[in-house]
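Structure first, commentary second.
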Amino acid sequence: MKLIHVADLHLDSRLSTNLNEEKARERRHELTGTWLRLVDYAAKHAVSAILIAGDLFDTAAVTETTANTVIASISGHPEIAFFYVKGNHDQDSFLNREEKLPENLYLFGDSWKTYRLSDGIAISGRELGTNQNAVASHLPADWVSRTLQLNEEEFNIVMLHGQIVESSHREEESLRIHQDSVQNVDKTLSSSASGDGEEIHLPEFANHCIDYLALGHVHKYMEGQLDGRGIWCYPGCLEGRGFDECGPHGFVLMDLDPETHSMTRERIDIAARHLHEVTVDVSGLESTAAMEKAISHQLTEGKNSGALPAKDFVKVILSGELSMDAELNLPFLESRLGTMFYVTRLENRTTRHIPYEKFREDRSLKGSFIRNVEMDPALTPEIRAEIIETGLRLLRGQEVL
């Protein structure tokens, strides 16, 4: 049986950090389109279920178009079961449409719920809220994991949205609640979670007969061993939205054999656009023109980025050491490089070599200026270099950037 594990789609995200209004709107539509391609992929490859491990949407203000598109994509594929556990960005605005919600959309609440597919596959999940109420504050710290009950004969998938913590250093609780009481209290909680809100303490979920812990919240693909039986996995976000999310993005395709408790997995990159960082060493170059040539060469022929598609996002990081008099005009470089990709950003991480010893006996205006900057104890080396670069531009009659 084939299943898809996806998380952190963040549909209807504002996307205003790197994009103007027009491109942000276009990109929002692309994110929704990627969701539709995922569903089409599932239909074409006979996928039985799609597991959405939180943050399907980005804010409570989900547009009618996006909400209706998601609903139509689910209801249009009744052969696929969609399991959706809310994340910290998800609100009830989408779910408060009970008359519209498809029958093949299965939801989880603030207590454990288990659905069973054919062939002995069980899918369990619950929301991890951050609200602390009077009841939850008196529960043991490992409350969430303690109330999880699974059948060891089944292939158990558990869905959660939160940040994993590899080691648990919780204090021993003096309060010990009998299991029957625990189950009764669990039903009364309107919003409960572990004492650390959305933290997921992995050791507490070990040895609970979990075969696959399907997680969401971390936007980078990650996986690891939970115990001798099961693993945990973050599929990463479906599309990168900023330069902190470079590289491939998509979902995890799982193929399960519950009889042998075996599973194969494959990462499927389905993103419409990708984000890249390219570092260019411009050490020793003395002009903006020379730096532009070096950047263009690396972007088109360099080992790091020779095949980057024009439709992608690219951040160029300038590195290396420049001389004190090297001419570097970042706005001009940005204007020259700006049309090469869908979004092009330029970040200057170069340092300036300031030969202070050359100016200690120099009685010119330049020498006096550099000595005064050098002797100011309140300045860091980086700030000194920046002040000197700006001052020298002014002395040469150039524009201050």
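The values are calculated or read from the model by the stated rules, or taken from the named source; none is laboratory data. Note that the structure is a prediction, hence the values are computed from the model and not measured. As a convention, Cβ positions derive from the backbone with ideal geometry for all residues, glycine included, and neighbour counts pool all protein chains shown. Remember, those area values only see protein heavy atoms, side chains included, never the ligands or the DNA or RNA. Shrake-Rupley method; radii C 1.70, N 1.55, O 1.52, S 1.80 Å.
List of remarks:
- Annotation note: of Val158, Val85, the sole residue that is modelled with pLDDT of 95 or more and either open to solvent by less than 20 Å² (accessible area, probe 1.4 Å) or hydroxyl-bearing (Ser, Thr, Tyr) (or both) is Val158.
- Residue count for region 34-79 under the criterion of being touching a residue at least 60 places away in the same chain (Cβ under 8 Å) and exposed (fewer than 14 other Cβ atoms within 10 Å of the Cβ): the result is 1.
- Region 279-293, subset in contact with a helix residue (DSSP H, G or I) (Cβ under 7 Å, 6 or more places away or on another chain), not in a loop (DSSP other than H, G, I, E, B) and not polar (S, T, N, Q), residue nearest to Ile317 (Cα to Cα): Val280
- Val316, sole failed condition from (1) open to solvent by 30 Å² or more (accessible area, probe 1.4 Å); (2) under 22 Å from Leu19 (Cα atoms); (3) out of contact with any Phe, Trp or Tyr (no Cβ under 8 Å at 6 or more places or on another chain): (1)
- Among the residues of region 201-244, those that are over 11 Å from the mean Cα position of the chain (by Cα), charged (D, E, K, R) and part of a loop (DSSP other than H, G, I, E, B) comprise Asp211, Asp227, Arg229.
- Restricting attention to region 103-146, the residues that are over 15 Å from Lys86 (Cβ atoms), part of a loop (DSSP other than H, G, I, E, B), open to solvent by less than 20 Å² (accessible area, probe 1.4 Å) and modelled with pLDDT of 85 or more total 1.
- Residue check for Val218: β-branched (Val, Ile, Thr) and open to solvent by less than 20 Å² (accessible area, probe 1.4 Å): no
- Listed here are the strands (runs of 3 or more DSSP E) enclosed by region 294-380 that have at least 1 residues being modelled with pLDDT of 90 or more and among the aliphatic types (A, V, I, L, M): 313-319, 321-323, 343-348.
- Taking region 13-44 as the range and being in contact with a strand residue (DSSP E or B) (Cβ under 9 Å, 6 or more places away or on another chain), in a helix (DSSP H, G or I) and of a type outside the set (Val, Ile, Thr) as the test, the residues that pass are Lys23, Arg28, Leu31, Trp35, Leu38, Tyr41, Ala42.
- Pick from region 262-289, criterion under 18 Å from Asp8 (Cα atoms) and among the basic types (Lys, Arg), ranking: least open to solvent (accessible area, probe 1.4 Å): Arg273
- Number of positions in region 361-370 that are more than 16 Å from Asp325 (Cβ to Cβ) and surrounded by 11 or more Cβ atoms within 10 Å (Cβ to Cβ): 1
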